[in-house]
Amino acid sequence: MSNLEKTLSIIKPDAVERNLENEIKGMFTNNGFNIVKNKKIQISKSEAEQFYKVHETKPFYNDLCNYLSSGPIVVMILEKENAIQENRDLMGSTKPEDAAEGTIRKKYGISIDKNSVHGSDSLENAKIEINFFFKD
Ligand code: IDP
Ligand code: MG
């Protein structure tokens, strides 16, 4: 049965800064994702705090929000069969050093905080995150 999903992907500041936008987009399209919408933006600290609200009790929350708002990011709606899990698989582990060969984080990630990409972790969060950046 078909299960076409949409998920939210972000190319984080460390990757945009290193001009990896087109290479990373190529990894998505070469792996069968359709980039339905995309835009390069910079968000404020308070927007980053809203976006990462699920992590507000974590010790790294403040650094994480400072980081995501520190420079331009590229936000994208990706579409594919089982897009949410497929994107998580293509991104690789949160810690680039633990990520599998061939994944985006293995290839481009610098550290656990500068790990180059974000991807929604569930259907529910994909909807919330897509609506956060692309309210129609
Ligand atoms: P994910 O991005 O793989 O879904 P999450 O656990 O949702 O990982 O964490 C969100 C982001 O917060 C991660 O991508 C990473 O940049 C950062 N992060 C997660 N755990 C830590 C940590 O222990 N120290 C510093 N930063 C962290
Ligand atoms: Mg997450």
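Any read-out appearing in this document is the output of simple, stated calculations on the displayed coordinates, not a laboratory observation. Keep in mind the model is a prediction, meaning the values are calculated, not measured.
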Handout entry: Residue of K12, K25, K58 that the Gaussian network model of the chain assigns the largest fluctuation, springs spanning Cα pairs under 10 Å
Key = K58
Completion exercise
The rounded separation in angstrom of the Cα centers of region 18-38 and region 66-101 is 11 Å
Practice task
Before anything else, pin down the relative contact order of the chain: Cα pairs under 8 Å, at least 6 apart, normalised by residue count, whole percent.
Solution key: 36 percent
Handout entry: Overall form of region 72-111 per C-alpha gyration tensor (a/c, 1.5; a/b vs b/c)
Key = oblate
Exercise for the section: List, in the order given, every pair from K80/K127; K106/K135; K12/K127 whose Cα-Cα distance in the structure shown is over 23 Å. Expected result: K106/K135
Exercise for the section: Using only alpha carbon pairs under 8 Å that are at least six residues apart, calculate the relative contact order of region 31-104 and give it in whole percent. Expected result: 39 percent
Problem - Cross-link partners of K40 among aspartates and glutamates (Cα-Cα below 16 Å; sequence separation of 8 or more within a chain) - result: D14, E17, E21, E23, E129
